[in-house]
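To start, the structure itself, in structure tokens.
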Amino acid sequence: MQVPYLQEAQELTILIVDDDADMRNYLSICVNQIPGCTVLEAFNVPSAVTFARIASPDLVISDCGVPRMNGLAICDAFKQDLSLSHIPIFLIGNVGANDHPDAHEFVLKPFNATIIRNLVTQLGVGLSA
């Protein structure tokens, strides 16, 4: 998948949203191994929306099971906010979790680091090496 406005990007800022600190850390490690990526972390959807308004990430990777609004609600929250509606969202969930029509990708658990890195790399076509 290629998102046109990212094709000339030199760096990507990626916001990872998960209430599980170990999973946030794992995803951060996966993404930080890609040259040109900067990672921000949030533990729930309200904090993710706040961080996104401040930092304008290029991508959000969110678990579907975060508290105080689930990962599916992050799609709705971002879609309704004109300053955030352009940001692609990758959702991660268990078998049986519902995909969301506004999510750009849905990754089933369990997954490995290569899947996440490949999706991020495909999104950031012009990442600096």
Checklist entry - Going through the range 18-41 one residue at a time, which ones are over 15 Å from residue 119 (Cβ atoms), at pLDDT below 95 and touching a helix residue (DSSP H, G or I) at 6+ places or on another chain (Cβ under 7 Å)? => result 18
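Please work out which residue is modelled with the lowest pLDDT, limiting yourself to the range 87-99 and to residues that are within 20 Å of residue 24 (Cβ to Cβ) and out of contact with any His (no Cβ under 8 Å at 6 or more places or on another chain).
Just the residues of the range 87-99 that are within 20 Å of residue 24 (Cβ to Cβ), to begin with: 87-94, 97.
Adding the requirement that they be out of contact with any His (no Cβ under 8 Å at 6 or more places or on another chain) leaves 87, 92-94, 97.
Values: 87: 94, 92: 91, 93: 86, 94: 80, 97: 60.
Among those that are within 20 Å of residue 24 (Cβ to Cβ) and out of contact with any His (no Cβ under 8 Å at 6 or more places or on another chain), it is 97.
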Next on the checklist: Looking at the range 63-86, can you tell me whether even one residue there is of a type in the set (A, V, I, L, M), modelled with pLDDT of 90 or more and under 20 Å from residue 36 (Cβ atoms)?
Outcome noted: no
Next on the checklist: Just to be sure I understand the filter: pairs with C-beta atoms under 9 Å, separated by 6 or more residues or on different chains, first member in the range 107-120 and within 15 Å of residue 34 (Cα to Cα), second member surrounded by 13 or more Cβ atoms within 10 Å (Cβ to Cβ) and among the charged types (D, E, K, R). Which pairs pass?
Outcome noted: 119/105
Next on the checklist: Yes or no: the range 71-80 includes at least one residue that is surrounded by fewer than 16 Cβ atoms within 10 Å (Cβ to Cβ) and under 13 Å from the mean Cα position of the chain (by Cα).
Outcome noted: no
Item to check | Counted residues, the range 17-43 - those being within 10 Å of residue 63 (Cβ to Cβ) and either buried (at least 19 other Cβ atoms within 10 Å of the Cβ) or in contact with a Leu (Cβ under 6 Å, 6 or more places away or on another chain) (or both) | outcome: 4
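The values are calculated or read from the model by the stated rules, or taken from the named source; none is laboratory data. Please read all numbers here as calculations on a predicted model, not as lab measurements. All Cβ positions, glycine included, derive from the backbone under ideal geometry; neighbour counts span all protein chains shown.
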